[in-house]
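A.B. asks: After the structure tokens below, expect a handful of questions from me.
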């Protein structure tokens, strides 16, 4: 029933991540308390008032640092990237909520010298919920992005098929995987094949008609004609854009802009929408 709590979750105890997230949350709390004044602080002395508000933010910043940096460092076997899941994340953020609420209550009573009421304590507890909720939302977005990236990689791996392009007289051929092929370009009586050999962009001329190469690539759904002189691999498309009334594709590893004819534009857009 609660299996979803065991799903892997983003774990980042790096100092720069703590500073970025912790400082952003602390600054947001400072501005919120400054402008909305939820705690009925004495604002007769402006300097003291600002320092008191900064204290609330400082407490939260410190607690985030303790839970995100010091706690994983103290218990590396239990709190690490390999075994981090949603359940542990919720426990840590719940701890942040409780500690922040308690610290703010004591700070309000003994430093800010505000008489506590049940209503004020409820407001403190509710506002203390903001930091863990924000952190969970940030990590949930990262988790979803990781899942999407994983699905894209799986999708591309499934489409890694063997391709063999043969010249007109069958005296030459080029064998490669579908992921290595970037594009095919017409070059008069030849076709220019641009592909990756490892990480190096390589070009090869085959004596063949453009239409014959198109027929050989027809079984591979990611190979799409975008222009009368170009067939491209959709797995290597970075973006589709318009410039000076013309439409182009930006390909991974290719400096030149690949033109898109209007008659092929719909197919390109559909393919991009499906990826």
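Every number in this text was worked out from the coordinates using simple rules, so none of it is lab data. Keep in mind that what you see is a predicted model, and the values were worked out from it rather than measured. Cβ: placed from backbone, ideal geometry, glycine included. Neighbour counts: every protein chain shown.
A.B. asks: Using alpha carbons only, how many degrees (0 to 90, rounded to 10) separate the axis of helix 86-110 from the longest principal axis of the chain?
C.D. replies: The answer is roughly 30 degrees.
A.B. asks: I've got another one for you. What is the fewest-to-most order of 141, 166 by other Cβ atoms lying within 10 Å of their Cβ?
C.D. replies: With the sparsest Cβ surroundings first, the list reads 141, 166.
A.B. asks: What percentage of all Cα-Cα pairs in the range 1-89 are separated by more than 19 Å? Write down the numbers at each step before the final one.
C.D. replies: Numbers: 2073 of 3916 pairs.
Here the long-distance tail beyond 19 Å is 53 percent of all Cα pairs in the range 1-89.
A.B. asks: Okay, next question. Please order 29, 136 by the number of other Cβ within 10 Å, starting at the fewest. Kindly include the intermediate steps, with their values, before the conclusion.
C.D. replies: Values: 29 25, 136 17.
Fewest-to-most ranking of 29, 136: 136, 29.
A.B. asks: Also: What percent of all Cα-Cα pairs in the range 3-157 falls into each 10 Å bin, going from 0 up to the bin containing the maximum distance?
C.D. replies: Calculated over all Cα pairs of the range 3-157, the distribution is 10, 36, 28, 17, 6, 2, 0 percent.
A.B. asks: Something else now. Could you please rank 200, 60, 209, placing first whichever residue has the fewest other Cβ atoms within 10 Å of its Cβ?
C.D. replies: Values: 200 8, 60 25, 209 13.
Arranged by neighbour count, lowest to highest, 200, 60, 209 become 200, 209, 60.
A.B. asks: Same structure again: What does the convex hull of the Cα atoms come to per residue for the range 92-235, in Å³? Spell out each step's value before the answer.
C.D. replies: Numbers: hull volume 25.2 nm³, N = 144.
That works out to 175 Å³ per residue.
A.B. asks: Once both axes come from the Cα atoms, what is the angle between helix 15-36 and the longest principal axis of the chain, in degrees from 0 to 90, rounded to 10?
C.D. replies: Approximately 50 degrees, to the nearest 10.
A.B. asks: Residues in the range 44-67, backbone N under 18 Å from the label point at residue 94 (7 Å along the Cα-to-beta-carbon vector): list them, ranges by number please.
C.D. replies: Of the residues in the range 44-67, 67 have backbone N under 18 Å from the label point off residue 94.
A.B. asks: Any chance you could run the full-extension gain for residue 261 through residue 66? It's 0.36 nm times the residue separation minus the Cα-Cα distance, nm to one decimal. Let's see the in-between values first.
C.D. replies: Details: separation 195, 0.36 × 195 = 70.20 nm, distance 5.73 nm.
Result: 64.5 nm gained on full extension.
A.B. asks: Any chance you could run the full-extension gain for residue 74 through residue 114? It's 0.36 nm times the residue separation minus the Cα-Cα distance, nm to one decimal. If you can, show how the numbers build up before the last one.
C.D. replies: Details: separation 40, 0.36 × 40 = 14.40 nm, distance 3.58 nm.
Roughly 10.8 nm would be gained on extension.
A.B. asks: What is the mean projected area of the alpha carbon convex hull for the chain, to one decimal in square nanometres? Don't skip to the answer; put the middle values down first.
C.D. replies: Details: hull surface 91.6 nm².
Average of the hull's projected areas for the chain equals 22.9 nm².
A.B. asks: Rounded to the nearest 0.05, what FRET efficiency is calculated for residue 238 and residue 6 with R0 set to 30 Å and r the Cβ-Cβ distance?
C.D. replies: On the way: r = 36 Å, r/R0 = 1.19.
Once rounded, the FRET efficiency stands at 0.25.
A.B. asks: What's log10 of I(q)/I(0) for the range 162-274 at q = 0.23 Å⁻¹, Debye sum over Cα points only, no solvent?
C.D. replies: The Debye formula, applied to the Cα set alone, gives -1.41.
A.B. asks: Ok, one more. Would you mind computing, in nm to one decimal, how far apart the modelled labels at residue 180 and residue 48 are, each placed 7 Å from Cα along Cα→Cβ?
C.D. replies: So the label points at residue 180 and residue 48 sit 7.6 nm apart.
A.B. asks: Can you give the angle from 0 to 90° between the axis of helix 46-65 and the longest principal axis of the chain, with both taken from C-alpha atoms, to the nearest 10?
C.D. replies: Compared with the principal axis, the helix lies near 60 degrees.
A.B. asks: Determine the calculated [θ] at 222 nm for the chain from helices alone, applying -39500 (n - 2.57) to every DSSP H run no shorter than 4 residues and normalising by the residue count; nearest 500 deg cm²/dmol. Walk me through the numbers before you get to the answer.
C.D. replies: On the way: 8 runs with 132 residues, N = 275.
Helix-only estimate at 222 nm: -16000 deg cm²/dmol.
A.B. asks: With labels modelled as points extended 7 Å from the Cα through the Cβ direction, what inter-label distance (nm, one decimal) is found for residue 192 paired with residue 228?
C.D. replies: Each label point is offset 7 Å from its Cα along the Cβ direction, giving 1.8 nm.
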